[in-house]
Amino acid sequence: MVTIFEKFIKKFLKNLFKKKKHIKLGLYGPPNAGKTTLANKLCEDWLGEDMGKVTNMPHETREIQIKEQVHIKSGNKEISFNLVDTPGIATKIDYEEFLKFGMSEKKAKERAKEATKGVIDAIKWLDNMDAVVVVLDATKDPYSQVNITIIGNLQARNIPVLIVGNKIDLKKSKMKKVEAAFPQYHVVGISAKNGNNIDEFYESLFKVVG
């Protein structure tokens with residue numbers, strides 16, 4: 001049963017988005033979940049260009065990246081927003097993690113320092129977000145400390161959220177587990193790399209921020 005207060009909040013948020021010409025939409029999630037791959041897909045579909053570099057190395061994105069005035073359409077609806085791709089959130093960043101990729105110890109320590117600053121900046125930027133897409137690797141356990149930290153920060157700020165389970169093209173993906181972990185949010189499974197279910201993603205995005 002929906003309370004009067006919940007109706008008021010829903011109406012308030014709806015009016016808030018109507019008044020804003022360009023909302024700030026943040027992409028959040030753990031390292032290597034596919035945030036930048038999804039950001040690139042969004043920008044390729046609607047702007048004809050990429051957003052950032054994608055590699056297998058964790059914390060490739062170490063600074064906030066912004067693409068302004070992205071306009072997307074679904075049916076007769078349209079959203080205009082500034083897309084904010086953030087560094088992967090981690091509860092611990094060890095420089096030894098980068099040594100596995102052939103980095104020198106000095107370079108690895110610099111990278112770890114940059115990545116740590118990126119995580120701090122990403123959390124700070126939550127205060128500027130109008131809505132957030134949390135990108136998770138659907139092949140991994142959704143009940144991780146990192147995911148709990150991200151969701152906890154979002155709940156504390158009452159930010160509208162869409163959960164994306166990425167990499168559904170892989171056999172190890174378990175979307176039902178992702179859905180069960182976050183019953184309070186709208187969840188959609190996609191492959192940002194291959195474009196699987198991308199239309200459903202856009203429809204879901206409209207439900208959350210439209």
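Just to be sure, is residue 137 out of contact with any Gly (no Cβ under 6 Å at 6 or more places or on another chain), surrounded by 13 or more Cβ atoms within 10 Å (Cβ to Cβ), modelled with pLDDT of 90 or more and farther than 16 Å from residue 26 by Cβ? The answer is yes for residue 137. Within the range 141-159, the set of residues being crowded, with 20+ Cβ neighbours inside 10 Å and part of a loop (DSSP other than H, G, I, E, B) comprises just one member, 142.
Scanning the range 91-125 for residues that are under 18 Å from residue 148 (Cα atoms) and touching a helix residue (DSSP H, G or I) at 6+ places or on another chain (Cβ under 6 Å) gives 91, 93. Farther than 22 Å from residue 65 by Cβ, outside any loop (DSSP other than H, G, I, E, B), of a type outside the set (S, T, N, Q) and touching a helix residue (DSSP H, G or I) at 6+ places or on another chain (Cβ under 8 Å), is that true of residue 133? Answer is no for this residue. Scoring residue 199 on the criteria (1) surrounded by 12 or more Cβ atoms within 10 Å (Cβ to Cβ); (2) under 18 Å from residue 38 (Cα atoms) leaves a single failure, condition (1).
In the range 169-194, of all residues being in a loop (DSSP other than H, G, I, E, B) and within 16 Å of the chain's Cα centre (by Cα), the one that is farthest from residue 146 (Cα to Cα) corresponds to 193. Looking only at the range 108-122, decide whether some residue is in contact with a Lys or Arg (Cβ under 8 Å, 6 or more places away or on another chain), surrounded by fewer than 13 Cβ atoms within 10 Å (Cβ to Cβ), within 18 Å of residue 32 (Cα to Cα) and not basic (Lys, Arg). No; the residues of the range 108-122 include none that is in contact with a Lys or Arg (Cβ under 8 Å, 6 or more places away or on another chain), surrounded by fewer than 13 Cβ atoms within 10 Å (Cβ to Cβ), within 18 Å of residue 32 (Cα to Cα) and not basic (Lys, Arg).
The values are calculated or read from the model by the stated rules, or taken from the named source; none is laboratory data. All of these numbers come straight from a predicted model, not from anything done at the bench. Cβ: placed from backbone, ideal geometry, glycine included. Neighbour counts: every protein chain shown.
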